[in-house]
Amino acid sequence: LEFMITETHKRGMEFHAWMNPYRAVFNIYHSSIAPNHITRIHPEWFLTYGDKRYFDPGNKQAQEYVANVVKDVVKRYKVDAIHFDDYFYPYPEAQPLRDNETFYKYGSAFKNIDDWRRNNVDTLIHTLSDSIHKAKKHIKFGVSPFGIWRNKSQDPEGSESNGFDGYGKLYANARKWVQSGWLDYINPQIYFPFGYQVAPFDKLLDWWSNNTFGKHLYVGQGVYRALENRPGWSDRSQIPKQIRYLRSNKNTQGS
């Protein structure tokens, strides 16, 4: 890591440490797990969902451990930013997420499990924002949330879209994190084409650009989708059009 940071800085670039905060085992059937892996030392901190194992975001000891790992990276390495991917609570599958036991233990102050889950993620983001900036003021903290925060049909503050929302499905209240000043930049994954009724690229970019609350906005592009033979993506000029569109938006700092 030190070598990569040094070589990055030689070229006048910033090095952002990109992390998935909660995924601990990518595939419980095929991943090779060391005997001293944290999932073996503290199995009570984890939830198994689908073929993956996740830190339980509601477990207080798990929250503290994740925060300490991030703080260790900040203190030990000359990174320029900590960057979180869009994996908060897991993307929903057919079966429910079984974190009721943790909810009963820690969630008595909340009316429902959804609000409690969102608060768990909020708490981690807020805690890390404080600890990162306290350790090194110049280090930035950013997140790449799912491209839709909420749809207008769900919330008058939401976007002109009608798709999967990060707020309700991943319990990631990304708009709040920016509005509260916990993040230095937001990098929404707008992996959708122009004209896509469920999640139109232009409508979502316009929405995010109007909800940055003075923070920097960098647009995540779905470049991997450019070869898909699907409506919108079959147009090979889709990504260049998106780049030109975001460059025309005065509240967007890059891609």
Calculate the spin-label point distance for LYS134 paired with ASP72, positioning each point 7 Å from the Cα along the beta-carbon direction, and give it in nanometres. 1.9
The list (1) 50, 46, 38; (2) 45, 44, 34; (3) 67, 50, 35 gives values of Cα extents along the principal axes in Å, and only one came from this structure; which label was calculated from it? (1)
Count charges around SER161 for me, please; just the other residues with Cβ under 13 Å from its Cβ, Lys/Arg as +1, Asp/Glu as -1. -3
With charges set only on the Cβ (+1 for Lys and Arg, -1 for Asp and Glu), what does the dipole of the chain come to about its Cα centre, in debye to the nearest 20? 580
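With a Förster radius of 22 Å, plug the Cβ-Cβ distance of VAL198 and ARG247 into 1/(1 + (r/R0)^6) and report the FRET value to the nearest 0.05. Before the final figure, lay out the partial values.
Numbers: r = 25 Å, r/R0 = 1.13.
In this case the efficiency is close to 0.35.
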Express the carbon and sulfur contribution to the solvent-accessible surface of the chain as a percent, rounded to the nearest whole number, probe 1.4 angstrom. 50
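Between GLN95 and SER31, what FRET efficiency follows from the Cβ-Cβ distance if R0 is 22 Å, with the result rounded to 0.05? Please report the intermediate quantities before stating the final value.
Working: r = 20 Å, r/R0 = 0.91.
Calculated value: 0.65.
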Distance in nm between VAL223 and MET19 label points, each 7 Å along Cα→Cβ, equals 2.5
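Hey, with R₀ at 51 Å, roughly what FRET efficiency would ASN162 and ILE41 work out to, going by the Cβ-Cβ distance, to 0.05?
Working: r = 44 Å, r/R0 = 0.86.
It comes to 0.70.
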Phi-based couplings in Hz for segment 126-139 (Karplus 6.51, -1.76, 1.60; Gly and Pro marked x): 5, 4, 5, 4, 5, 6, 5, 6, 6, 5, 8, 4, 7, 6
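What does the net charge come to around TYR87 if you take all other residues with beta carbon closer than 11 Å to its beta carbon, with K and R at +1 and D and E at -1?
Values: positive: ARG23, LYS52; negative: ASP85, ASP86.
After counting each charged neighbour, the total is 0.
State the dimensionless ratio Rg/Rh of segment 16-147 (Rg: radius of gyration of Cα atoms; Rh: Kirkwood radius). Show your work: numbers first, answer last.
Details: Rg = 15.2 Å, Rh = 15.8 Å.
A ratio of 0.96.
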Once phi is turned into ³J(HN,Hα) by the Karplus curve 6.51 cos²θ - 1.76 cosθ + 1.60 with θ = phi - 60°, what whole-Hz value does each residue of segment 151-157 show in order, with x for glycine and proline? 8, 4, 5, 9, 7, x, 7
Among PRO96, PRO57, PRO21, residue whose mean-square fluctuation peaks in a GNM of the chain (springs only between Cα atoms under 10 Å): PRO96
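Hey, can you find the accessible area per residue of segment 159-246 for me, probe 1.4 Å, expressed in square angstrom? List each step's numbers first, then the result.
Numbers: 3900 Å² over 88 residues.
Here the residues of segment 159-246 average 44 Å² of exposed surface.
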Show me, for segment 77-86, the HN-Hα J-couplings you get by feeding each phi into the Karplus relation (A = 6.51, B = -1.76, C = 1.60, θ = phi - 60°), rounded to Hz, glycine and proline as x. 10, 8, 6, 9, 6, 10, 10, 9, 6, 8
With the chain treated as a Gaussian network of Cα nodes joined by springs under 10 Å, which of GLY181, GLY147, GLY12 yields the largest mean-square fluctuation? GLY12
Per DSSP helix of 4 or more residues, -39500 (n - 2.57); summed, then divided by the residues of the chain. What does that give at 222 nm, rounded to the nearest 500? -10000 deg cm²/dmol
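Can you list the GluC sites (Glu not before Pro) in segment 1-110 that are in a DSSP coil and have 13 or fewer other beta carbons within 10 angstrom?
Numbers: sites: GLU2, GLU7, GLU14, GLU44, GLU64, GLU93, GLU101; in loops: GLU14, GLU93.
Within segment 1-110, the qualifying GluC sites (Glu not before Pro) (loop, at most 13 other Cβ atoms within 10 Å) are GLU14, GLU93.
May I ask for the net charge around ARG236, where only other residues with Cβ less than 12 Å from the Cβ of ARG236 are counted and Lys, Arg are +1 while Asp, Glu are -1?
0
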With Cα springs under 10 Å, the Gaussian network model of the chain assigns the largest mean-square fluctuation among ASP115, ASP51, ASP130 to ASP51
If amide hydrogens are placed 1.01 Å from N in the peptide plane, which non-local residues have theirs closer than 5 Å to the one on PHE46? ASP56
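Under the 0.36 nm per residue contour assumption, what length would be gained going from the current alpha-carbon distance of GLU7 and HIS126 to full extension? Let's see the in-between values first.
On the way: separation 119, 0.36 × 119 = 42.84 nm, distance 3.11 nm.
Taking 0.36 nm per residue and subtracting the Cα distance, the gain is 39.7 nm.
The values are calculated or read from the model by the stated rules, or taken from the named source; none is laboratory data. All values derive from a computational prediction rather than experimental measurement. As a convention, Cβ positions derive from the backbone with ideal geometry for all residues, glycine included, and neighbour counts pool all protein chains shown. When the accessible area is computed, the model is the full protein with side chains, heavy atoms only, and any ligands, DNA or RNA have been set aside. Shrake-Rupley method; radii C 1.70, N 1.55, O 1.52, S 1.80 Å.
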